[in-house]
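Structure first, commentary second.
The values are calculated or read from the model by the stated rules, or taken from the named source; none is laboratory data. Just so you know, these numbers come straight off a predicted model, no measurement behind them. Don't worry about glycine lacking a Cβ; one is built from the backbone with ideal geometry, like all the others, and counts go over all protein chains shown. Note: accessible area is taken over every heavy atom of the protein model, side chains too, but ligands, DNA and RNA are not part of it. Shrake-Rupley method; radii C 1.70, N 1.55, O 1.52, S 1.80 Å.
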Amino acid sequence: MLNWFSNVFTQIENFFGTPKLLFDGWQSTARITLTTIFLYLILIVLLKIFGSRSVSSFSVYDMIATITIGSVISSTLVLKEINLINGMVAIIVLLVLQFSLSKLVTKWGGLYPFANPTPKVVFYKGEFKNESMKKVRVNKEEIYSAIRREAGTTSDNVEAVLLEPNGDLSVIKNISPEYENEITKYM
């Protein structure tokens, strides 16, 4: 089956006089597959280290897939060394990784912190959480801005502000005692 596949592409390439345009052998395809998997995992770790501010309105794994798919497409279009099949294999591997990771995170919630940063409390009951603010690179003006924009009020009428995994600041005006631990667990 694999030989038939490579023969078909070789015949098409020979017909058009464009060697290695569609297929360059299984070794390069395997290299692209493994490189894609390793880069995907490395990007997850790096974005976890650099935090929520590096990601905007995406989960970490969605952002990685989006950026790298765009990069693969442009490389496939521009670079002669990357043929169509290798570009398609890289895109398919990225989509399978993104889909698989989202399924795993949904099935096993304990994987969520690995794949995404956890929310961080940056303001709580009238106090700025300076340690958290430094870690996530948020300043007071950004918090005040979120309070005005999201709650339409001032900081004295807000219970908490959290930096969410997607980089947004969530403003919470009221916390009932029963649900206070939902916020404090991220302090």
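For the range 1-49, name all the residues that are part of a helix (DSSP H, G or I), farther than 25 Å from residue 66 by Cβ, of a type in the set (A, V, I, L, M) and at pLDDT below 80.
2 - this is the single residue of the range 1-49 that is part of a helix (DSSP H, G or I), farther than 25 Å from residue 66 by Cβ, of a type in the set (A, V, I, L, M) and at pLDDT below 80.
Kindly indicate whether any position in the range 73-92 is at positive phi and touching a residue at least 24 places away in the same chain (Cβ under 8 Å).
Taking the range 73-92 first, the residues at positive phi are none.
No; the residues of the range 73-92 include none that is at positive phi and touching a residue at least 24 places away in the same chain (Cβ under 8 Å).
Would the range 78-100 turn up any residue that is more than 17 Å from residue 172 (Cα to Cα), among the polar types (S, T, N, Q), open to solvent by 30 Å² or more (accessible area, probe 1.4 Å) and touching a helix residue (DSSP H, G or I) at 6+ places or on another chain (Cβ under 7 Å)?
Scanning the range 78-100, I find at least one residue that is more than 17 Å from residue 172 (Cα to Cα), among the polar types (S, T, N, Q), open to solvent by 30 Å² or more (accessible area, probe 1.4 Å) and touching a helix residue (DSSP H, G or I) at 6+ places or on another chain (Cβ under 7 Å), so the answer is yes.
Pull out all pairs, ordered by first then second residue, where Cβ-Cβ is under 8 Å, the residues are six or more apart or on different chains, the first lies in the range 139-157 and is more than 13 Å from residue 168 (Cα to Cα), and the second is assigned to a helix (DSSP H, G or I) and open to solvent by 80 Å² or more (accessible area, probe 1.4 Å).
If the second residue must be assigned to a helix (DSSP H, G or I) and open to solvent by 80 Å² or more (accessible area, probe 1.4 Å), the pairs left are 151/157; 154/148.
Spot the failing condition for residue 108; the list is (1) at pLDDT 90 or above; (2) open to solvent by 80 Å² or more (accessible area, probe 1.4 Å); (3) over 12 Å from residue 163 (Cβ atoms), and only one is missed.
(1)
Name the pairs whose Cβ atoms lie under 8 Å apart, with the first residue in the range 173-187 and in contact (Cβ under 8 Å) with a residue 12 or more places away in the chain and outside any loop (DSSP other than H, G, I, E, B), the second open to solvent by 100 Å² or more (accessible area, probe 1.4 Å) and not acidic (Asp, Glu), and 6 or more positions between them or separate chains?
Hits for this filter: zero, empty list.
Please go through the range 129-172 and give me each residue that is over 19 Å from residue 117 (Cα atoms), modelled with pLDDT of 90 or more and either touching a helix residue (DSSP H, G or I) at 6+ places or on another chain (Cβ under 6 Å) or not in a helix (DSSP H, G or I) (or both), ordered by number.
147, 158, 159, 172
Of all residues in the range 116-147 being farther than 26 Å from residue 44 by Cα and among the hydroxyl-bearing types (Ser, Thr, Tyr), which is surrounded by the most Cβ atoms within 10 Å (Cβ to Cβ)?
124
Need the failing condition index for residue 113 against (1) modelled with pLDDT of 80 or more; (2) part of a helix (DSSP H, G or I); (3) surrounded by fewer than 16 Cβ atoms within 10 Å (Cβ to Cβ); (4) not hydroxyl-bearing (Ser, Thr, Tyr), just the number.
The one condition residue 113 does not meet is (1).
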